[in-house]
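Structure first, then comments.
The values are calculated or read from the model by the stated rules, or taken from the named source; none is laboratory data. Because the structure is a prediction, the values reported are computed rather than measured. Methodologically, a virtual Cβ is constructed for each residue, glycine included, from the backbone with ideal geometry; neighbour enumeration extends over all protein chains shown.
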């Protein structure tokens, strides 16, 4: 399974939630580093991926495999090509969420350009036949009182719920 290069992209909805625990501790010298938590849902396939967006510097230091080092090099190239500064970006590794709520690392990353409201998402999950790159515009969501509603949304389809 490779990366889908077709213009017909798989419908996806990425919902961003502000991490209210950002900067707090959960153990000795352990800090909640993710500014945003997100879910990326392949709309017609009932597959859900989790993203925890941290600063680029922190994200780079969490790489544990050769594939993740390749992702870091790709992100550096994207930032250089856009003449951006790394401090305006947030990045995340991709984890598949199983129906019984287990998190499985897959190859890929999310790159959020917050000032320009752009999301670059790469998922290569051979086990579940997913291999695609999405470039999506994000938009802010209206606040819903007393509900865990997302703060931002990025999608390439019309959502019905």
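Applying the selection to the stretch 36-67, what residues are under 26 Å from residue 159 (Cα atoms), crowded, with 16+ Cβ neighbours inside 10 Å and either at pLDDT 95 or above or touching a helix residue (DSSP H, G or I) at 6+ places or on another chain (Cβ under 7 Å) (or both)?
36, 37, 38, 40, 41, 42, 47, 49, 50, 51, 52, 53
Out of the stretch 132-152, which residues are assigned to a strand (DSSP E or B), surrounded by fewer than 19 Cβ atoms within 10 Å (Cβ to Cβ) and either more than 12 Å from the chain's Cα centre (by Cα) or in contact (Cβ under 8 Å) with a residue 24 or more places away in the chain (or both)?
Of everything in the stretch 132-152, those that are assigned to a strand (DSSP E or B), surrounded by fewer than 19 Cβ atoms within 10 Å (Cβ to Cβ) and either more than 12 Å from the chain's Cα centre (by Cα) or in contact (Cβ under 8 Å) with a residue 24 or more places away in the chain (or both) turn out to be 133, 137, 139, 140.
Quick one: would you say residue 121 is touching a residue at least 40 places away in the same chain (Cβ under 8 Å), touching a strand residue (DSSP E or B) at 6+ places or on another chain (Cβ under 8 Å) and closer than 20 Å to residue 137 by Cα?
Yes: the conditions hold for residue 121.
With respect to residue 86, is the statement that it is more than 17 Å from the chain's Cα centre (by Cα) and more than 18 Å from residue 19 (Cβ to Cβ) true?
No.
Would you check if residue 26 is closer than 23 Å to residue 151 by Cβ, modelled with pLDDT under 95, in contact with a strand residue (DSSP E or B) (Cβ under 7 Å, 6 or more places away or on another chain) and loosely packed, with under 14 Cβ neighbours inside 10 Å?
no
Which one of these does residue 80 not meet: (1) modelled with pLDDT of 95 or more; (2) within 21 Å of residue 57 (Cα to Cα)?
Going through (1) modelled with pLDDT of 95 or more; (2) within 21 Å of residue 57 (Cα to Cα) one by one, residue 80 breaks only (1).
So how many residues does the stretch 104-131 have that are buried (at least 19 other Cβ atoms within 10 Å of the Cβ) and not in a strand (DSSP E or B)?
Residues that pass the stated criteria total 0.
From (1) in a strand (DSSP E or B); (2) out of contact with any helix residue (DSSP H, G or I) (no Cβ under 9 Å at 6 or more places or on another chain), pick out the condition that doesn't hold for residue 96.
Here residue 96 clears every test but (2).
If you go through the stretch 76-103, how many residues are buried (at least 16 other Cβ atoms within 10 Å of the Cβ) and under 17 Å from residue 49 (Cβ atoms)?
Of the residues in that region, 8 qualify.
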